[in-house]
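What follows is one structure encoded as structure tokens, with my remarks underneath.
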Amino acid sequence: MKDIEKKLENLYTKLGKAYYEGRFEDPLPELLPLFDAITELKYSQEQNDEKAFCPQCGNELKGQAIFCGKCGCRIG
Ligand SMILES: [Zn+2]
């Protein structure tokens, strides 16, 4: 039984993810708070991942930058 419950849980999660990523034009109104919560979490995670600053000049660096685009300082 436990195994089936886990599989069901997994499938529900996949279903939810597909629903979210499918960008349906008219999601069920009662699901909108969930959409908002997911978007907010995703957005805050992206913010954390991408926020990096050049130690030399303080220029904001994006993604996996190796050199600062402003002063050419090597990062890392
Ligand atoms: Zn710099």
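If a residue has to be assigned to a loop (DSSP other than H, G, I, E, B), of a type in the set (S, T, N, Q) and at pLDDT below 85 to count, how many in region 41-71 make the cut?
1
Pull out all pairs, ordered by first then second residue, where Cβ-Cβ is under 8 Å, the residues are six or more apart or on different chains, the first lies in region 36-54 and is closer than 16 Å to LYS17 by Cβ and surrounded by fewer than 11 Cβ atoms within 10 Å (Cβ to Cβ), and the second is of a type in the set (Lys, Arg) and modelled with pLDDT of 85 or more.
none
Across region 1-34, which residue is modelled with the lowest pLDDT among those that are over 20 Å from the mean Cα position of the chain (by Cα) and basic (Lys, Arg)?
LYS2
The values are calculated or read from the model by the stated rules, or taken from the named source; none is laboratory data. These figures come from a predicted structure and were not determined experimentally. Here Cβ is always computed from backbone atoms with ideal geometry, including for glycine, and neighbour counts include all displayed protein chains.
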